[in-house]
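Undergrad: First, the structure itself, so that you have it in front of you.
The values are calculated or read from the model by the stated rules, or taken from the named source; none is laboratory data. Since the structure is predicted, the reported quantities are computational estimates derived from the model, not experimental observations. FYI the Cβ positions are ideal-geometry reconstructions off the backbone, even for glycines, and counts take in every protein chain you see.
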Amino acid sequence: MTKLHYITRLFAKGLVLANFPEATKEEILERMVELTLYTEENLK
């Protein structure tokens, strides 16, 4: 499961950075956490 978590975080990072290029560091982090939690919850 560790590899899946790592891949999920990389995926979230890529999506957030591509879709919110003008976001602040705080906004990027918040979006990454939100997307990671959503993705991991729906992968179960």
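Undergrad: Tell me the residue from Ala12, Ala18 that is exposed (fewer than 12 other Cβ atoms within 10 Å of the Cβ) and among the small types (Gly, Ala, Ser), please.
TA: Details: Ala12 fails: exposed (fewer than 12 other Cβ atoms within 10 Å of the Cβ).
Only one candidate qualifies: Ala18.
Undergrad: Further question on the same structure: Among the numbered conditions (1) surrounded by 11 or more Cβ atoms within 10 Å (Cβ to Cβ); (2) at pLDDT 90 or above; (3) among the acidic types (Asp, Glu), tell me where Glu26 comes up short.
TA: Condition (1) is where Glu26 drops out.
Undergrad: Further question: Take the conditions surrounded by 11 or more Cβ atoms within 10 Å (Cβ to Cβ), aromatic (Phe, Trp, Tyr) and in a helix (DSSP H, G or I) and apply them to Tyr38. Does it pass? Full working, then the answer.
TA: Details: surrounded by 11 or more Cβ atoms within 10 Å (Cβ to Cβ): yes; aromatic (Phe, Trp, Tyr): yes; in a helix (DSSP H, G or I): yes.
Considered against the rule, which asks whether it is surrounded by 11 or more Cβ atoms within 10 Å (Cβ to Cβ), aromatic (Phe, Trp, Tyr) and in a helix (DSSP H, G or I), Tyr38 comes out as yes.
Undergrad: Val16 - would you say it is in a helix (DSSP H, G or I) and in contact with a Lys or Arg (Cβ under 8 Å, 6 or more places away or on another chain)?
TA: Values: in a helix (DSSP H, G or I): yes; in contact with a Lys or Arg (Cβ under 8 Å, 6 or more places away or on another chain): yes.
Judged against the criteria, Val16 is a match.
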